[in-house]
1. With respect to A:Asn80, is the statement that it is polar (S, T, N, Q), crowded, with 16+ Cβ neighbours inside 10 Å, within 7 Å of chain B (Cβ to nearest Cβ) and not in a helix (DSSP H, G or I) true?
2. Would you call A:Leu200 crowded, with 18+ Cβ neighbours inside 10 Å, in a helix (DSSP H, G or I) and of a type in the set (A, V, I, L, M)?
3. Consider only pairs whose beta carbons are under 7 Å apart and that are at least six residues apart or on different chains; among these, list those whose first residue lies in the range A:89-114 and is free of Cβ contacts under 8 Å to residues at least 40 places away in the same chain and whose second residue is in a helix (DSSP H, G or I) and within 16 Å of ligand 2 (Cβ to nearest atom).
4. Among the residues of the range B:127-145, is there at least one that is crowded, with 18+ Cβ neighbours inside 10 Å and more than 10 Å from chain A (Cβ to nearest Cβ)?
5. Limited to the range B:48-87, what total is found for residues that are more than 8 Å from ligand 2 (Cβ to nearest atom) and not in a loop (DSSP other than H, G, I, E, B)?
6. What pairs come out if I take residues in the range A:25-50 that are in contact (Cβ under 8 Å) with a residue 24 or more places away in the chain and pair them with residues that are surrounded by 15 or more Cβ atoms within 10 Å (Cβ to Cβ) and among the acidic types (Asp, Glu) whose C-beta lies under 9 Å away, six or more apart or interchain?
7. Go through the range B:11-47 and give me each residue that's touching a Gly at 6+ places or on another chain (Cβ under 9 Å) and part of a helix (DSSP H, G or I).
8. Of these, A:Gly36, A:Gly29, A:Gly21, which one is within 11 Å of ligand 1 (Cβ to nearest atom) and closer than 23 Å to A:Phe210 by Cα?
Amino acid sequence: MFSSSLGKKYLMALTGIVLIGFVFVHMAGNLQVLLGQDKINAYAHALQSLPMPILWGSRLFLLVCVILHAWTAIVLIRENRAARPQGNDVEVTKRAGLSSLKMGLSGTILLFFIVFHLLHFTIRTVYPEYNDMMTTVGAPEGEEVHDVYTMVLAGFQHIWVSVFYIVAMFLLCGHLSHGFSSVFQSLGIRSDSWRVKIELGAKAYAWVIFLGFSIIPILVLGQKLDFISFFEPSLFSDSLAVR
Amino acid sequence: MKLILRVWRQDGAEDEGRFETHQLDGVSEDSSFLEMLDQLNEQLLEEGTEPILFDHDCREGICGTCSLTINGLAHGPEDSTTTCQLHMRKFSDGETVTIEPFRARAFPIVRDLVVDRSAFDRITQAGGYITVRTGSAPDGNAIPVPKDDSDKAMDAAACIGCGACVASCKNASAMLFTSAKAGHLNLLPQGKAEKDKRVLAMVEEMDNSGFGNCRNYGECSAACPKDISLDYIAKLNRDHAAAKVRKIFT
Ligand code: HEM
Ligand code: FES
């Protein structure tokens, strides 16, 4: 099923759909940071408390999708290089957009981003002190939960971290604006009359994802640099800034 | 008009190849690109050097024999036009024109600008036909064909098999050609009976010939002298997936 040239595209598209769906849910979840400390902490706690098979099953599934997606991309690109050993002396592009031509580059940087992001906020080895952030805000009666809210605000105090997140989300935007419409082509579920609509839809989706993810580092950075004051000033205490 | 021509010369598949630059004076704006090359070859013969080899046949845009990547564009700068139908008025006086062969591993260079496109023939032989008993022609309206389907099949059948799709594709993929040939027959009642077998065999042959994988750039359709739509590639993807799934259950 997946061994032929078309089969590899099916695999790219199917794993791509999973990742497209995941980024939306993840973005919607993150936006609860804007609703306040109790909301995001409670949400994160609820996710962490999912039954083991569901939590680790979904994590494993996502990991397998990313690996299959990246691996197939590498195979496709290597085969394509081999298919034209000698390129044209004059290289002209008539129709293909930049985001489609740079799928490999945006994907590779995204892969690095995914690894960093997991080490940063999930496994928390980049700044191990995030592990110690506990609070009763958003926690069930008489319990303490991990203070995701403070961790995120602290995390984006580092300008380079925020910039890297925003750049990565911009690349994700480019990756999706070609990728999401490409899915319909690769799986053959479109016709010429739908093409423009699908391409516009994919672009719109990609920008929603970009804005939805980037708004948090943008707001935190804006507040740190004294442009905006969105979050509770008390959370921008000296101790937070040091972290 | 006067032209500086940078032309690819290569003695055979094993040769490295190189560009050769020639100046050509007195080119008529009304001549076709191939007539301009004829004129260059006469000049080369007079100088006592080997003429440049290039493919051509009908010179009226219907056979698919002419090729050439001109200034980086398969069949040159004019949309929906083969090299033989391209006129020199599309170029300016004194311009440097770079002429290269259709480059792809699956299209080995025979000599100079001539490439071997028999990989396309093999794809067609793998399934680009209908198995029928030959005999007298069937009655014209014996099999009803919906107008919409016959129009789409006709658009696909416009493919002349020139290989511009492969030459213009950054990945040297033959998807536009294969999808046009398969789509043309898959759309018609006469061809539907062997649809699955056809699609699987043609894609397998395409892969075996060393073409690249489609990445949905759309460069092929933009270069196609017959404007074959990316729709056929989507249809081939769909038909191939369906054939694979059906094969599991039979
Ligand atoms: C947030 C994660 C990601 C999402 C949501 C995503 C989504 C997609 C989608 C939907 C496609 C189109 C599939 C098709 O051709 O039909 C695609 C293509 C592609 N992805 Fe990703 N992807 C992600 C991460 C990555 C990573 C980490 C890589 C690393 C190598 C990568 C490399 C590629 C490449 C090279 C293509 C182009 C394939 C082609 O044009 O043939 N992607 N991606
Ligand atoms: S020579 Fe026949 S199409 Fe150009």
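Here, each number is a calculation from the coordinates, and none is a lab measurement. None of the values given here were measured: they were computed from a predicted structure. For neighbour counting, all protein chains shown are included, and Cβ atoms are generated from backbone atoms with ideal geometry for every residue, glycine included.
1. So A:Asn80 does not fit the description; no.
2. For A:Leu200, the condition - crowded, with 18+ Cβ neighbours inside 10 Å, in a helix (DSSP H, G or I) and of a type in the set (A, V, I, L, M) - is not met.
3. Note: pairs meeting the criteria are A:Lys94/B:Ala223.
4. Among the residues of the range B:127-145, at least one is crowded, with 18+ Cβ neighbours inside 10 Å and more than 10 Å from chain A (Cβ to nearest Cβ), which makes the answer yes.
5. Total satisfying the criteria: 5.
6. Close Cβ pairs (under 9 Å, with a partner that is surrounded by 15 or more Cβ atoms within 10 Å (Cβ to Cβ) and among the acidic types (Asp, Glu)) amount to A:Gln37/A:Asp147; A:Asn41/A:Asp147.
7. Listed by number, the residues that qualify are B:Phe33, B:Gln39.
8. Step by step, each of A:Gly36, A:Gly29, A:Gly21 is checked, and only A:Gly21 is within 11 Å of ligand 1 (Cβ to nearest atom) and closer than 23 Å to A:Phe210 by Cα.
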